[in-house]
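The values are calculated or read from the model by the stated rules, or taken from the named source; none is laboratory data. Here the structure is a predicted model, which means the values were calculated and not measured. A quick note on method: Cβ atoms are made from the backbone with ideal geometry, for glycine too, and the neighbour counts reach across all protein chains shown.
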Ligand SMILES: Cc1cc2nc3c(=O)[nH]c(=O)nc-3n(C[C@H](O)[C@H](O)[C@H](O)COP(=O)(O)OP(=O)(O)OC[C@H]3O[C@@H](n4cnc5c(N)ncnc54)[C@H](O)[C@@H]3O)c2cc1C
């Protein structure tokens, strides 16, 4: 009997997992004992970190796109199809108008934007959490020469929790280098009583925002946007006038997860160490789709994919899986246009951002270039 492993989602987690399995299980796949299928609802793999740089004219959306066919090992059955439903009792998926059986399922469906949950968000705010959104913001930033820029973190959890801090620090630097900063005020809003969900990153960020003259509004939960008046209102009753509003929009998980009854908000509850679904047999979730409280970051998706690859390898070899995820996350953090720091942490160790340097900025850019090799499992 062939053990059928189905992976839904050809983003960071799904591709790293598929390639890792193809390498580990090559003998079994070649012998027909294991089949690995990767389903994705589009032909391209998208590397989202590029969008931060698109907003400042440093990269093009195309720099973050590559055909999945070029990235995924030939041993993997790559299926460019949306999965429309999952039946965890029957162990089947609906995709491409047919039904496909699985023995082990991995959900790696990522996050999506929910721009309709806040009044006025679609019309009134820009963001950099999408290809076209980041190019629209780039055009707007280029013509923005004076006024009040507000960056409002509306949704939590959201992808790359440090990206809003990166954005305002890069914007500060970018406007300064163009001689515009004196005519532009910048305000950063965050929904809880500090500048970031992680208290150590928040402590690090607060003085850095102050020294750059970036105003901060904490406990600011955006409720409504009035684009005609340029007014952002919070549930706490604070009103902010803006000339350019950049948001981190609310996120949800994939519709597939809610529709298939695997998680009400589109995230799947999994054990934080084994990444196995708590309520469904033979189902894992990794990356953004997994509800385990670690940041929705590509690095976390990558580490989790490696763990699940080891666990599935043990399973198909009739061994007890022992690999576990320790919560590891690593993120470079841009602190301007040519300086960065990084944070590395896990379930037992807190982040401790170091002194920013040009070397770390270049390390982040170098990582972005080498990502394509990492995704293929070559680094
Ligand atoms: C602006 C920005 C900057 C970022 N910077 C960083 C950074 O510096 N470092 C970092 O670690 N992370 C960063 N991230 C976060 C990182 O990109 C995500 O956390 C990561 O992509 C999550 O990987 P994933 O595999 O879970 O999901 P994704 O990479 O989003 O992949 C999910 C895939 O599943 C597909 N899919 C969804 N539903 C279905 C379905 N029903 N059927 C078939 N396919 C489906 C999607 O189309 C997509 O291809 C950033 C994100 C953004 C937006």
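Residue under question is residue 210, and the condition is that it be modelled with pLDDT of 95 or more, within 30 Å of residue 254 (Cβ to Cβ), part of a helix (DSSP H, G or I) and assigned by TED's automatic domain parsing to the domain that holds residue 234; does it hold? So residue 210 fails the test.
Residues that are over 21 Å from residue 253 (Cα atoms) and within 21 Å of the chain's Cα centre (by Cα) do occur in region 286-306.
State yes or no: is residue 38 in contact with a strand residue (DSSP E or B) (Cβ under 7 Å, 6 or more places away or on another chain) and buried (at least 19 other Cβ atoms within 10 Å of the Cβ)?
Values: in contact with a strand residue (DSSP E or B) (Cβ under 7 Å, 6 or more places away or on another chain): yes; buried (at least 19 other Cβ atoms within 10 Å of the Cβ): yes.
Yes; evaluated as a whole, the condition is true for this residue.
Of 17, 21, all but one fail to be under 18 Å from residue 307 (Cα atoms), within 13 Å of the ligand (Cβ to nearest atom) and outside any loop (DSSP other than H, G, I, E, B); the exception is 17.
When residue 259 is tested against the conditions (1) under 21 Å from the mean Cα position of the chain (by Cα); (2) within 12 Å of the ligand (Cβ to nearest atom), the lone failure is (1). For residues that are out of contact with any strand residue (DSSP E or B) (no Cβ under 7 Å at 6 or more places or on another chain) and free of Cβ contacts under 8 Å to residues at least 12 places away in the same chain, scanning just region 133-160, find the one that is farthest from residue 230 (Cα to Cα). Top of the filtered list is 139. The listed residues are 26, 69, and the only one of them that is in contact (Cβ under 8 Å) with a residue 24 or more places away in the chain, under 23 Å from the mean Cα position of the chain (by Cα) and surrounded by fewer than 15 Cβ atoms within 10 Å (Cβ to Cβ) turns out to be 69.
Is it true that residue 309 is over 17 Å from residue 48 (Cβ atoms), crowded, with 23+ Cβ neighbours inside 10 Å and away from the ligand (no atom under 12 Å from the Cβ)? For residue 309, the condition - over 17 Å from residue 48 (Cβ atoms), crowded, with 23+ Cβ neighbours inside 10 Å and away from the ligand (no atom under 12 Å from the Cβ) - is met. Checking each residue in region 41-54 for being in a helix (DSSP H, G or I) and either surrounded by fewer than 24 Cβ atoms within 10 Å (Cβ to Cβ) or more than 6 Å from the ligand (Cβ to nearest atom) (or both) picks out 50, 52, 53, 54.
If the condition is being in a strand (DSSP E or B) and either closer than 14 Å to residue 343 by Cα or near the ligand (Cβ under 7 Å from one of its atoms) (or both), then region 284-302 contributes only 296. Of all residues in region 159-174, those that are within 20 Å of residue 232 (Cβ to Cβ) and surrounded by fewer than 20 Cβ atoms within 10 Å (Cβ to Cβ) total 0.
Can you confirm whether region 336-350 contains a residue that is free of Cβ contacts under 8 Å to residues at least 12 places away in the same chain and assigned to a loop (DSSP other than H, G, I, E, B)?
Step one: of region 336-350, the residues free of Cβ contacts under 8 Å to residues at least 12 places away in the same chain are 349.
Still in the list and also assigned to a loop (DSSP other than H, G, I, E, B): 349.
Yes, region 336-350 contains a residue that is free of Cβ contacts under 8 Å to residues at least 12 places away in the same chain and assigned to a loop (DSSP other than H, G, I, E, B).
Condition check ((1) more than 10 Å from the ligand (Cβ to nearest atom); (2) assigned by TED's automatic domain parsing to the domain that holds residue 180; (3) within 16 Å of the chain's Cα centre (by Cα)) across all residues:
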| residue | (1), (2), (3) |
| --- | --- |
| 125 | yes, yes, no |
| 129 | no, yes, yes |
| 137 | yes, yes, no |
| 144 | yes, yes, no |
| 147 | yes, yes, no |
| 150 | yes, yes, no |
| 154 | yes, yes, yes |
| 160 | no, yes, yes |
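Among the conditions (1) touching a helix residue (DSSP H, G or I) at 6+ places or on another chain (Cβ under 6 Å); (2) touching a residue at least 60 places away in the same chain (Cβ under 8 Å), residue 174 misses just one, which is (1).
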